[in-house]
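Working notes, structure below.
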Amino acid sequence: MAKTTGVAPRLAEGLAIVLGTKGIPLRLRAWDGSEAGPEDAPVLEFRSRRALRRILWSPGQLGLSRAYVAGEIDAPGDVFASFAALSSTGKFAEPGPFPPLTVREKWTLLKTALRVGAIGPNPAPPPEESKVHRHGGRHSKSRDAAAISHHYDVGNDFYALVLGPSMVYSCAVWSDQSNGHDVPDSLEAAQEAKIDLVCRKLGLKPGMRVLDVGCGWGSFALHAAQRYGVEVVGVTLSNEQAGLARKRVADAGLTDRVDIRVQDYRDVDDGPFDAISSIGMSEHVGSEEITRYVSQLHGLLRPGARLLNHAISWNAGPTSPDPDSFIPRYVFPDGEMLSLAAMIGALESGGFEVLDVEALRRHYALTLRAWVRNLEEHWDEAVSASSPGRARVWRLYMAASALGFEGGLTGVNQVLVQRPGGGEPPLRRTGWM
């Protein structure tokens, strides 16, 4: 039977201070075996005093994230239930940066740390934390390359375990029968459905020349070349992605129709193209560069040609990016989600005509849950292919992101636009639906 006295009640008090709430909807389990909090609540386990020390030095999302990535905090049961309980409480429930602690709150948290023996120097961040700030100005080509490498060059074997055979790292499109969390579609079928939907929206036909911006491991390029008879130029900043994509292209016998490059989209100068796909790439562009992004893609398209921009959107209203939150420190350095309105505004201001907008928010929640399931089913292999910290980063990132999509904090949208000057688009969506 768990002890109800000891460290855990003190931890509960300290965590409540950090969260800005009177109580916590979690069952805390401390390193001395003691427990505190509602008995039927999801469990959050503090395995080491270092976890509280990290929170003392960084009292907010960053301190908690560092402790989780380092293995000093764990959610040993249902990760979705634990993270949902944590994220629905106090300061976590408010979008934007964590408000700083007051002097009184800092003093109370310090006394808590003293009582449980957690006082000490600030532990070094886990090695999985990003250091892209060392590579030049924000959204310079060198810094963007470093940011992409941080996220994508962590091992193709690791990504294969998480993403499955489709090797598609963006929102899948599930059928109408996919209700709740137990879905009849396979992840692979849902990803193929998404790729084919993009091909149809772009109106691909044999002989067309297509640019795939942020081509990943080449799944869209392969599908478009095989099924629609087009020529594809795929660009990525990830050397590991490009290497595997080229191998897949060669294995499929498509080297004459698919060209995979390690190249910044800003350096593509061999247009014009008959269509452009940008699937899950513009989140790396940011508000400072979105005008240039739109202008570059507009200039690479023939008059009358289409661009499909598939991107995550921020739905929680105007907030300032928090560079000390988990996502920019561990997952997407310098990444930025624009609102749907901002994205459409940038595309229209850049000379495009909007043809169609499709919201896929619920689809991404289902996709992320499928990825978490893959990761947990292959946990030991994933750790061997990367590191324990990297696997924990992904578990936290994907589970928290799924909850964000389910709660409407974030969305994902396919915006189909056309460069004016060519043929007219279909009168109805039946042209691609």
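The values are calculated or read from the model by the stated rules, or taken from the named source; none is laboratory data. In this text the structure is predicted, and so the values were computed from the model without any measurement. Here Cβ is always computed from backbone atoms with ideal geometry, including for glycine, and neighbour counts include all displayed protein chains. Heavy atoms of the whole protein, side chains included, go into the accessibility calculation; ligands, DNA and RNA do not. Shrake-Rupley method; radii C 1.70, N 1.55, O 1.52, S 1.80 Å.
Charge dipole of the chain (Cα centre as origin; +1 on each Lys and Arg Cβ, -1 on each Asp and Glu Cβ, all else neutral): 1060 debye, rounded to the nearest 20. Taking a ≥ b ≥ c as the square roots of the eigenvalues of the Cα gyration tensor, segment 315-374 is oblate, since a/c reaches 1.5 or more and a/b is not larger than b/c. Between amide H atoms placed 1.01 Å from N, distances below 5 Å from Ala305 occur with Arg419, all of them 5 or more places distant or on a separate chain. Toward the positive end of the charge dipole of the chain, about the Cα centre and with charges on Cβ (Lys, Arg +1; Asp, Glu -1), which of Pro9, Phe46, Tyr364 goes farthest? Result: Pro9. Ranking Gly37, Tyr152, Ile195 by how far each Cα lies toward the positive end of the dipole of the chain (charges on Cβ) leaves Gly37 at the top. When segment 1-112 is described by a simple charge dipole with +1 on each Lys and Arg Cβ and -1 on each Asp and Glu Cβ, the residue from Thr108, Gly20, Gly77 located farthest towards its positive end is Thr108. Per residue, the accessible area of the chain comes to 42 Å², computed with a 1.4 Å probe over protein heavy atoms only. What does the C-alpha gyration tensor say about the overall shape of segment 12-131? Classify as rounded when a/c is under 1.5, otherwise prolate if a/b is larger than b/c, or oblate. Taking the square roots of the gyration eigenvalues as a ≥ b ≥ c, segment 12-131 is rounded.
The charge dipole of segment 249-359, taken about its Cα centre with unit charges on the Cβ of Lys, Arg, Asp and Glu (plus for the first two, minus for the last two), comes to roughly 120 debye.
When exposed loop sites are taken as trypsin sites (Lys or Arg not before Pro) in a DSSP loop with at most 10 other Cβ atoms within 10 Å, the longest stretch of the chain clear of them is 23-427. Using a 1.4 Å probe over the heavy atoms of the protein chains, calculate the carbon and sulfur portion of the accessible area of the chain as a whole percent. Percent of accessible area from carbon and sulfur atoms in the chain: 51.
Shape call for segment 254-319 from the C-alpha gyration tensor, a ≥ b ≥ c root eigenvalues: rounded (a/c under 1.5), prolate (a/b greater than b/c) or oblate? Verdict is prolate for segment 254-319. Taking one quarter of the surface of the convex hull spanned by the alpha-carbon atoms of segment 343-432 gives a direction-averaged projected area of 8.6 nm².
Here is how the number arises for the chain: DSSP H runs of 4 or more residues each give -39500 (n - 2.57), the sum is divided by the residue count, and the result at 222 nm is -12500 deg cm²/dmol.
Given a cut-off of 23 Å, name the pairs among Lys201/Lys247; Lys91/Lys111; Lys106/Lys131; Lys141/Lys201 whose C-alpha atoms lie farther apart than that in the structure shown. Table pairs above 23 Å Cα-Cα are Lys201/Lys247; Lys106/Lys131; Lys141/Lys201. Each Lys and Arg adds +1 at its Cβ and each Asp and Glu adds -1 at its Cβ; summed about the Cα centre, segment 259-299 shows a dipole of about 80 debye.
Centroid-to-centroid, using Cα positions, segment 47-94 and segment 240-287 are 38 Å apart. May I ask what percent, to the nearest 5, of DSSP beta bridges between residues of the chain are antiparallel? Of all bridge pairs located within the chain, approximately 45 percent are antiparallel. Modelled spin-label separation between Thr5 and Arg373, with each label point placed 7 Å from Cα along the Cα-to-Cβ direction: 4.6 nm. Take the alpha-carbon centre of segment 102-123, take the same for segment 343-385, and report the distance between them in whole Å. Answer, in whole Å: 39.
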